[in-house]
1. Going through the range 72-94 one residue at a time, which ones are open to solvent by 40 Å² or more (accessible area, probe 1.4 Å), farther than 18 Å from Thr157 by Cβ and not in a strand (DSSP E or B)?
2. Of all residues in the range 19-38 being of a type outside the set (D, E, K, R) and over 22 Å from Val268 (Cβ atoms), which is farthest from the chain's Cα centre (by Cα)?
3. Select from the range 128-156 the residues that are open to solvent by 20 Å² or more (accessible area, probe 1.4 Å), on the phi < 0 side of the Ramachandran plot and not basic (Lys, Arg) and list them in ascending order.
4. Can you tell me which of Ala301, Ala295 is without any contact (Cβ under 8 Å) to a residue 40 or more places away in the chain and either aliphatic (A, V, I, L, M) or in contact with a Pro (Cβ under 6 Å, 6 or more places away or on another chain) (or both)?
5. Go through the residues of the range 106-118 one by one and say whether even a single one is more than 23 Å from the chain's Cα centre (by Cα), of a type in the set (A, V, I, L, M), over 30 Å from Leu225 (Cα atoms) and open to solvent by 20 Å² or more (accessible area, probe 1.4 Å).
6. Return the pair list, or none, for Cβ contacts closer than 8 Å from residues in the range 268-289 that are touching a residue at least 60 places away in the same chain (Cβ under 8 Å) to residues that are part of a helix (DSSP H, G or I), at least 6 apart or on different chains.
7. Quick one: is Thr185 assigned to a strand (DSSP E or B) and surrounded by fewer than 23 Cβ atoms within 10 Å (Cβ to Cβ)?
8. With (1) out of contact with any strand residue (DSSP E or B) (no Cβ under 6 Å at 6 or more places or on another chain); (2) not in a loop (DSSP other than H, G, I, E, B) as the list, and Val100 as the residue in question, which single condition is left unmet?
Amino acid sequence: MTVSSSVATGQAAFLRYDRTLGVAAMESRGFYYPVDLVIRDDGRMYGLSRSHEGDPRGVRVCILDYDSGFHGVFGSIGDADGQFIFATAIAIDSGGRVYVSDEHTQRISIFDEAGTFLSKWGTPGSGPGEIDGPCGLAFGPDDVMYVTDHLNHRVQTFTADGTHLGGFGEHGGGDGQLDLPWGITVLRDGHVYVADWRNDRIQRFSADGEFIATYGGSGDGDGQLHRPSSVAVDHDGYIYVADWGNDRVQVLDPDGAFVQKLMGEATVSTWGAEFLKANVDEAGARARSDLEPDATANGWAPDEVPRYIEKLFWAPTAVKLDADGRLYVVDRNRHRIQVFERAS
């Protein structure tokens with residue numbers, strides 16, 4: 001069985017694979033179970049590693065760029081200022097300050113662009129302005145921060161310094177209701193797209209929280225979703241979804257129709273190649289390995305395939321777009337980022 005990207009019948013590929021960034025590492029340069037990414041307009045990016053629950057190693061933010069330049073790290077595990085325990089999301093305001101959410105401490109930590117801790121805010125609870133599981137962060141117009149309040153099944157809005165402004169959503173499966181929302185993106189016109197995780201769909205809202213549309217639905221077919229964790233929308237209105245439970249990324253058109261699914265096509269990153277050059281035994285073992293075994297011959301169920309084929313996504317958690325329209329996929333269980341570009 002050959003696993004590759006798929007497109008709707010009669011359509012050319014919308015996206016094509018470009019490159020892989022990062023390498024598995026528990027400190028310094030690289031990622032360790034990354035969960036989110038944010039990209040500045042100048043291309044500098046911040047990759048947030050959560051590590052594995054119960055493992056204190058690897059929690060940090062790695063600063064890098066599209067050409068695999070490394071620009072430092074900040075953060076570590078703990079509950080002191082500038083630390084995280086269960087890091088969930090990362091965002092940047094118009095002034096370049098970096099915000100990281102932590103679903104254990106229920107707080108948002110603020111850093112300057114180099115990673116120096118500045119301040120924090122957040123109050124645990126279920127009342128107005130309180131949060132329980134801040135799993136998604138995004139800035140809208142006028143630096144209004146949108147937070148997916150995961151366990152409270154809602155979206156709340158704050159000023160950058162944490163003053164509560166409002167919010168929308170309630171627990172349920174109807175239009176405008178949410179069930180464990182995760183990722184979020186806000187467009188320049190103020191429209192909000194939310195990855196409605198347990199409802200297996202993406203919902204779109206107006207700037208003031210009025211329901212507009214829903215996309216997707218439960219399943220593993222084209223255009224269907226299973227536990228979507230992140231959403232991004234480009235300037236043409238195309239919707240990109242981290243279909244976390246299906247180990248893939250889907251592209252939908254502005255009306256929600258299926259365009260393409262990406263299963264992952266990773267090659268060795270620049271940092272990975274440097275590691276293999278310095279570790280000849282591991283490079284030799286890799287050269288002797290079958291990196292793309294036949295899934296059918298091995299009798300693997302579809303959800304088992306990503307564990308054994310290295311190039312594929314394995315629990316992709318976030319999708320982000322840069323200023324040039326490239327799509328970055330945070331490939332959590334393989335400690336890397338896969339990058340795709342428009343095919344034409």
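1. To start, the set of residues in the range 72-94 that are open to solvent by 40 Å² or more (accessible area, probe 1.4 Å) comprises 73, 76-77, 79-81, 83, 86, 94.
Narrowing the set further to residues that are farther than 18 Å from Thr157 by Cβ leaves 73, 76-77, 79-81, 83, 86.
If the condition is that a residue be open to solvent by 40 Å² or more (accessible area, probe 1.4 Å), farther than 18 Å from Thr157 by Cβ and not in a strand (DSSP E or B), then Ser76, Asp79, Ala80, Asp81, Gln83, Phe86 are the ones that fit.
2. Step one: of the range 19-38, the residues of a type outside the set (D, E, K, R) are 20-26, 28, 30-35, 37-38.
Pick out the ones that are also over 22 Å from Val268 (Cβ atoms) and you get 35, 38.
On the way: Val35: 6, Val38: 9 Å.
Filtering first and then ranking leaves Val38.
3. Pro128, Glu130, Asp132, Phe139, Pro141, Val144, His150, Leu151, Asn152
4. Numbers: Ala295 fails: without any contact (Cβ under 8 Å) to a residue 40 or more places away in the chain.
When all the criteria are applied, what remains is Ala301.
5. Checked the range 106-118: at least one residue is more than 23 Å from the chain's Cα centre (by Cα), of a type in the set (A, V, I, L, M), over 30 Å from Leu225 (Cα atoms) and open to solvent by 20 Å² or more (accessible area, probe 1.4 Å).
6. From the range 268-289, the pairs are Val268/Leu276; Phe275/Glu282.
7. no
8. The single condition Val100 does not satisfy is (1).
The values are calculated or read from the model by the stated rules, or taken from the named source; none is laboratory data. Just so you know, these numbers come straight off a predicted model, no measurement behind them. Positions of Cβ are generated from backbone atoms using ideal geometry, with glycine treated the same way; all protein chains shown enter the neighbour counts. For the accessible areas, the whole protein counts, side chains as well, though only heavy atoms, and no ligand, DNA or RNA atoms are used. Shrake-Rupley method; radii C 1.70, N 1.55, O 1.52, S 1.80 Å.
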